[in-house]
Amino acid sequence: MSNVSETEQGPEAEPAAAQPEEPEPAATAGEPARGKRAAKSTRGAAAAGGKTGASSTKPVKDAKADATDDAETDQQADAKADTQGDAKADAQADPKADGKADVTAGSESGPAAGKDAEQQDGAKSDAQRVSLVKAGKGKDEPLWSFAPEPGPTPGRARRVATRVGTAVAEFLGHEWTMAAVGSVLLAALMTWPTLRDPATTIPQDTADPTLQAWQMSWGGHILTTNPSQLWNANAFFPDKYSYAFSDTLLGYAPAGMLGSGPVAALVRYNIMYVLIFALAFFGAYVLARQLGARPTGAVVAGAAFAYSPWRLGQAGHLHVLSIGGIALALAMLARGHGFSLRDGYRPDRRRWGWVLAGWLVAAWQISLGFGIGIPFVYALLLAVLATAVSWGYRHVRVWGVTRPFGWKLFFANLGGGAIFAAVGALMAYPYLQVLKDHPYARRSEELVGLFSPPLKGFFIAPPESWLWGDAYADARATLTWAPEMALLPGFFLYGLAFAGLFVSAWRLKHRIWMLVGVLGTVALAMGTHGPGKGEFGYLALYRALPGFDGIRTSGRLVVWTTLFMALLAAGAVSAFAERAVELFADRTQTDRTDRAGFLPRLATLIPVMLVLFEGAHKTPHPVVPPTPVAMSTLQGPLMVLPSHELFDMNVMLWSTDGFPKIVNGGSGFTPMDQQQLRLTMEQFPDVSTVALLRERGIRTVVVVRSQALGSAYERAIDAPIDGLGLTRTEQGDVVLYKVEDS
């Protein structure tokens, strides 16, 4: 047994003593392990040959010789190839060592040796192989025999295609891309059947929506033909700045550049109607995510902001529904400043590009209309002041705290804020001119009181709500102007927001501020029904802040109420989702932080489904009156009868085929000269009306027979025209009058 012990110890000690004094050449990482395996193989051979001291001596010497040969050979070639080649050479030169070579080769052909070979081959580069060839190594060398042929180098086109494919795959798989695509698909579903017959129908009614379809068309048309006449639209002839008689939707003008005519205007409107719901969802989603909500919580926020029941009652007001830019701009500004509710201010996450983009989106938002835009302007100013005061206090007064800001961020805010202010000023100028020419267009305090909703209005659903509309019919009857006073944000949203006050991913102080935001915006939205009959709320803003006197309906501030409640709900759902993840990690004994069990994940979807269920609609989609054939060939100025605010909006849509100047027009107010002409034209045709038409330069009168029947303009269908200087022709449903020169 003592001999066995000596034999086992010998191979481990002897090679170490036999190492050459000069340092070994560089070898691969697999060499030391190979040496040990060779020693162990020799030890095994010795054990097989006998257990005496004499029999163990020769294997030890052979192992020493092998180690020396390996060291010399490793200066020239790869470790694995040399070992196998040397084993064969030793077997031919020394028959006594044949058994040792066989054992060594056999030990290196096993799994461990295969793993070594893979590591060594992986460590060698094509450049190393080429250098060996250049050094004069022929194909007979062992390295060349065992080394794999280098693969072909991909061409430039293939490399570019690979990079592009990788970039596209990353883009399509990004969270924001999936959120954007999902927002559009959800909007198409939630607004159905808007896209079923987009060329003939329109949501809600044929009044305001047709006006807004004309607005988008006019903006696109005039910016590509004569931008200097942007504000002097073809409607309301001969009044100036007529494009500013109501919110313009100027930000949608790029869409108005695509196509022409009434059919294109309808298709464009219906597409934009769907997309504004998608943008509202996406904007609230990214805002909640930036502030720190989990994806499910952010989906709840997006659904609540985009599909709140009160928005169904505004289906005919595209400028009121266009609120997605508010949430998106806030999200970009927060991201650019490195701010979230979870982490606070993180200077390392500052990005000046996002800041500039946020200001540009904000500028685009106010270009859609001042009814929603003016409160947004003051909300941004308040946020800027609050942030500056908070940052300055912590930076200067709090001991040991430094909060860098950076010149890039400073100039991004300065430049972006300047663009925002410039757009606001350019938009305000024509409205100020309208007030100068038509001072009666200013919203009086009495008018504000007429449209101010009571507190109960925030618990009453509009008739377009599929879930609650019929149930609240009697309650709506008690409201003086239900279309602007049925302001239910959602009963399920109320519940989720209330839960978010107690269980939330947000800190307590943030929840308190959100609650203050909810209560404060409700008080302001109530107008003259607010605290002190509005004296301490909306009326104070109306009298003190420029622009508020141009807003007719205070109830539209419910936009901000909905946003604060959506964020509270997102905090509650995020907390529930995080708890589900923790339970899954505890149950599975893992440290997974991004996964929950099936049932908890399913449970987190319930709030999303409830909010969307409450946002289901039954909005009518009436057929728009077709454009008379004669309208496409007429030269302006002209007047269409009958003329009243609602029908004139249809006429404005018809005029998108060529945009002739028309007297007709409908807006937020009625110009006095237009109203006087409407009353006078009830007597058309007669001497006085024909004289008035000549005086104002109007040479064509179009009477739509189906609309004039039963109205004050019915006599214009077939009244005698002898001696009046008129010619009359009929084209289908149209009776066409031409005013001759006197």
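The values are calculated or read from the model by the stated rules, or taken from the named source; none is laboratory data. Remember, it's a predicted structure, so these values are computed and weren't measured experimentally. Backbone-built Cβ (ideal geometry, glycine too); neighbour counts: all protein chains shown. The accessibility values were calculated without ligands, DNA or RNA, using every heavy atom of the protein model including side chains. Shrake-Rupley method; radii C 1.70, N 1.55, O 1.52, S 1.80 Å.
The share of accessible area on segment 404-475 that comes from carbon and sulfur is 71 percent, using a 1.4 angstrom probe.
Averaged per residue, segment 526-576 has 34 square angstrom of accessible surface, using a 1.4 angstrom probe with ligands and nucleic acids left out. Summing Cβ point charges (Lys, Arg +1; Asp, Glu -1) relative to the Cα centre of segment 154-219 gives a dipole of roughly 720 debye.
Most tightly packed first, judged by the mean number of other beta-carbon atoms within 10 Å of their residues, the peptides 225-235, 301-311 read 301-311, 225-235. The overall shape of segment 616-658, judged from the alpha-carbon gyration tensor, is prolate: a/c is not under 1.5, and a/b is greater than b/c.
Just the protein heavy atoms count here, and of the accessible area of segment 279-401 at 1.4 Å, carbon and sulfur take up 67 percent. Couplings for segment 295-309, taken from phi via the Karplus curve 6.51 cos²θ - 1.76 cosθ + 1.60 with θ = phi - 60°, read x, 5, x, 5, 5, 4, 4, x, 5, 5, 6, 8, 10, 4, x Hz in order; Gly and Pro are left as x.
Between the alpha-carbon centres of segment 496-527 and segment 682-742 there is a gap of 60 Å. Tell me, Kirkwood radius of segment 623-740 from alpha-carbon pair distances, in Å? After inverting the mean inverse Cα-Cα distance, the result is 14.3 Å.
Peptides 374-381, 342-349, 688-695 ranked from most to least packed by the mean count of surrounding Cβ atoms within 10 Å: 374-381, 688-695, 342-349. Tell me the carbon and sulfur percent of the accessible area for segment 619-664, rounded to whole percent, probe radius 1.4 Å. Taking all protein chains in place, segment 619-664 shows 61 percent carbon and sulfur surface. What does the C-alpha gyration tensor say about the overall shape of segment 178-235? Classify as rounded when a/c is under 1.5, otherwise prolate if a/b is larger than b/c, or oblate. Cα axes put segment 178-235 in the oblate bin. The mean accessible area for residues of segment 268-427, using a 1.4 Å probe and ignoring ligands and nucleic acids, is 39 Å² per residue.
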